[in-house]
Amino acid sequence: MTHIKGAGQRTGDAGAMVDISGFLDTHHALIEAQLARILSAARAADWGTYRARFVVLRASVLDHIAYEDQVLFPEVVRVLGSENEVLALREEHERLRQHFETLGAAAPEHDPAGCMGELEDLNAFVRQHHKRELRVCYPAADRFLPGDAALAQGARALVDAARVEFGADLPPPLDLRGLQPPEPIVRIFAALERAPDKPLRAILPHEPVPLYALLRDRGFRCGGGTRPDGGYDLLIEKA
């Protein structure tokens with residue numbers, strides 16, 4: 001997850017604030033492209049790819065929201081002396097969180113039509129929100145917050161992280177079918193120990209119900225579903 005930078009000393013560079021709008025606009029475009037990939041995976045019922053890409057998208061969107069709510073919007077309110085420019089955007093941020101909470105808790109293979117409907121709603125809402133920010137918030141920031149290097153640094157960090165995370169190929173899943181217990185669990189925890197902050201996808205012969213409590217005790221959450229070939233696709237991430 002991207003580290004959120006706070007506002008700092010003005011640099012006097014009048015062009016820096018233009019970069020903030022440009023970086024946030026670019027980040028929105030990257031988010032929308034990632035959403036398109038997730039929609040394609042859902043249409044193909046490729047739920048393993050869907051889950052892995054969704055986890056990365058959710059983290060990036062929540063970082064974007066946190067930057068605006070905690071860093072950019074307070075500066076806009078400070079210089080304008082009013083919250084009118086950002087109130088509706090804050091409400092839309094809450095709606096975005098609700099969309100991601102709903103999708104994160106869903107089992108799409110059991111209700112693919114419902115998943116697709118929620119994804120389509122999210123896709124439309126993200127684009128609508130982007131247009132509102134371009135029309136309302138970013139121009140106000142450009143006019144009244146020129147030359148804030150820390151604000152620009154935080155916005156650029158969102159873009160840099162998204163380009164790496166969205167552009168990276170998904171790591172191959174651990175295929176643990178054919179192994180005798182407790183070898184699958186041993187390999188899962190060894191992989192989580194090597195990279196605890198990265199999502200881990202594993203393929204097992206059946207749903208690993210006994211594993212769930214062990215993962216929760218170690219600070220992880222998981223979701224999964226049955227594969228067309230009869231195996232079970234599990235995605236594990238840091239809680």
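The values are calculated or read from the model by the stated rules, or taken from the named source; none is laboratory data. Everything quoted here is computed from the prediction, not taken from an experiment. No Cβ is skipped: glycine too gets one built from the backbone with ideal geometry, and neighbour counts run over all protein chains shown.
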Residue satisfying condition, being of a type outside the set (Val, Ile, Thr), closer than 14 Å to residue 55 by Cβ, modelled with pLDDT of 90 or more and not assigned by TED's automatic domain parsing to the domain that holds residue 34, within set 220, 189: 220
Scanning the stretch 1-30 residue by residue, those crowded, with 20+ Cβ neighbours inside 10 Å, aliphatic (A, V, I, L, M) and at pLDDT 90 or above turn out to be 24, 30
If you take the residues in the stretch 40-59 that are of a type in the set (Ser, Thr, Tyr) and surrounded by fewer than 22 Cβ atoms within 10 Å (Cβ to Cβ), which one is nearest to residue 162 (Cα to Cα)? 49
So which residues in the stretch 154-167 are under 14 Å from the mean Cα position of the chain (by Cα) and of a type in the set (A, V, I, L, M)? 158, 159, 161, 162, 164
Residue among 140, 239, 161, 157 that alone is surrounded by 14 or more Cβ atoms within 10 Å (Cβ to Cβ), under 30 Å from residue 69 (Cα atoms) and modelled with pLDDT under 90: 140
Within the stretch 100-122, is even one residue in the same structural domain as residue 53 (by TED's automatic domain parsing), crowded, with 16+ Cβ neighbours inside 10 Å and at pLDDT below 85? no
